[in-house]
Amino acid sequence: MFTKILIANRGEIALRIIRTCREMGIKTVAVYSTADKDSLHVKFADEAVCIGGPKGVESYLNIPHIMAACEITNADAVHPGYGFLAENAKFAQICADHGIKFIGPTPDMINKMGDKITAKETMIKAGVPVVPGGEGLLESVEAAKKLAKEIVYPVIIKATAGGGGKGMRVVWKEDEIEKAFGDAKMEAAASFKNDGLYMEKFVEEPRHIEIQVAGDQYGNVCHLSERDCSIQRRHQKLVEESPSPFMTPELRQRMGDAAIKAASAINYESVGTIEFLVDKHRNFYFMEMNTRIQVEHCVTEEVVSYDLIKEQIKIAAGEKISGKNYEPKLHAIECRINAEDPYNDFRPSPGKITVLHTPGGHGVRVDSHVYAGYVIPPYYDSMIGKLITVAQTREEAINTMYRALSEYVIEGVKTTIPFHLQLMQNEDFRKGNFTTKFLESFKMK
Ligand code: MV4
């Protein structure tokens with residue numbers, strides 16, 4: 001097992017990783033930007049190293065500075081968390097080259113899933129269902145028009161280096177293709193320095209359901225059931241839950257099998273997530289694989305009783321997993337509490353938290369790095385923390401969530417708490433009657 005892990009991240013996930021390391025008897029090193037000098041991850045780690053200025057590129061994305069911090073603290077492994085360098089194959093390779101274990105998959109696995117056309121080809125070969133579409137890159141507007149006719153409108157143009165909605169355009173008829181192709185290409189080039197595009201059939205009003213997987217260094221792969229992430233806005237998830245209210249035992253069997261096939265196809269090592277689009281007929285299609293721990297991993301932890309960070313560290317240290325799959329025994333919901341104003345188009349609201357009261361009680365978990373007096377810097381994402389509730393049934397988990405949200409007091413900044421309170425009372429949400437389009441028509445009262 002490792003003796004000292006450097007955490008190349010900040011905020012709640014840095015704290016989350018420090019907590020598990022403490023329980024495992026592993027020493028921790030925090031790295032921080034000058035904007036984060038008063039952060040809890042800095043105070044709670046055994047050691048802390050300042051790695052640069054406030055901007056991501058100056059600190060949490062600054063590979064030479066992070067490697068120097070590893071060197072001076074003698075860390076034997078790096079945990080990248082999510083975001084920043086978590087899916088950066090170059091960083092994973094540099095760690096390997098310096099004899100430092102990157103707690104995650106190999107650079108080759110990151111690359112295979114990072115390029116969406118390659119990922120899709122890999123899935124087709126493995127027998128995992130994918131959205132019907134063209135093979136390979138779209139070479140021209142003419143080729144795009146020809147292909148769209150074959151696929152039948154509506155179609156969607158996506159960036160091969162994409163994910164998260166950037167460089168993506170839905171096209172409903174032929175006279176929109178030229179502009180969509182040009183716009184997507186420009187956006188992809190600007191966002192990823194890779195303007196490669198591909199096309200597939202546009203699945204209307206899908207649900208976003210993802211399967212958590214884990215694989216070890218010996219070829220064992222298991223799944224830990226699903227999370228429903230359909231409640232999102234502009235590709236930002238706001239609520240996640242497990243099990244999905246749309247799930248059936250038969251669908252879980254099929255999606256679980258497909259997820260295991262997907263991870264096994266690249267000999268996946270570490271914890272990861274296979275994202276699927278699910279249509280109203282319960283047809284499902286591979287969308288992408290996330291080769292990292294995700295923000296919403298907590299709902300899975302609560303329903304299957306499994307510390308995913310601990311498992312991820314054990315896998316990286318060369319331990320075997322049992323290989324058995326996990327079924328949800330309870331129901332968990334997570335609300336992302338962001339410093340954003342839900343009455344003003346979710347505009348970011350950084351600043352000082354003047355008053356803080358955190359909820360507690362039966363079935364309540366709060367993963368957060370903030371405290372009264374903490375200043376939320378404007379440089380990073382606006383997440384203040386995650387409120388997770390767990391109960392025997394979905395209805396009880398929602399009721400506990402409503403109660404916990406009512407207890408949560410955060411003053412000084414605007415938060416998404418009022419949004420979540422209204423969502424928990426929404427009839428369609430309570431019935432489990434929602435798709436990824438749900439929030440487009442949701443209005444704050
Ligand atoms: C799609 C789709 C419909 N059909 N692909 C959004 C982000 C990126 N990961 C892929 N996305 C989508 N791909 C086909 N063929 C709809 C979306 C999509 C979406 C997916 C999951 C959750 C929310 C979404 C919101 C809008 C569009």
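Every number in this text was worked out from the coordinates using simple rules, so none of it is lab data. Worth saying up front: this structure is predicted, and the values here are computed from it rather than measured. A quick note on method: Cβ atoms are made from the backbone with ideal geometry, for glycine too, and the neighbour counts reach across all protein chains shown.
Distance check, please: which entries in 173/437; 310/414; 116/166; 112/261 exceed 23 angstrom between their Cα atoms?
Violating the 23 Å Cα-Cα cut-off are 310/414.
Take the alpha carbon gyration tensor of the chain, find the square roots of its eigenvalues, order them as a ≥ b ≥ c, and report rounded if a/c is under 1.5; if not, report prolate when a/b exceeds b/c, else oblate.
rounded
What is the stretch 66-120's relative contact order, in percent, from Cα pairs under 8 angstrom and six or more apart in sequence?
Values: 44 pairs, mean separation 18.1, N = 55.
Reported relative contact order: 33 percent.
Using packing as a proxy for protection, rank 27-36, 359-368 so that the peptide with the highest average count of other Cβ atoms within 10 Å comes first.
Highest-to-lowest ranking by the protection proxy: 27-36, 359-368.
Just report the Cα centroid separation between the stretch 401-445 and the stretch 135-160, whole Å.
38
Got the relative contact order for the stretch 132-201 handy, in percent, Cα pairs under 8 Å and 6 or more residues apart? Before the final figure, lay out each step's value.
Details: 127 pairs, mean separation 30.1, N = 70.
Rounded, it is 43 percent for the stretch 132-201.
Suppose only helical runs count, i.e. DSSP H with n ≥ 4. What mean residue ellipticity at 222 nm does that imply for the chain under -39500 (n - 2.57) per run, divided by all residues and rounded to the nearest 500 deg cm²/dmol?
Numbers: 14 runs with 146 residues, N = 445.
Roughly -10000 deg cm²/dmol at 222 nm, from the helical runs in the chain.
Which of the aspartates and glutamates could be linked to residue 445 by a straight reach, that is with a Cα gap under 15 Å, when you skip same-chain ones fewer than 8 residues away?
List returned: 341, 345, 427.
Using only Cα atoms, locate the centre of the stretch 199-213 and the centre of the stretch 1-75, then give the distance between them in Å, rounded to an integer.
35
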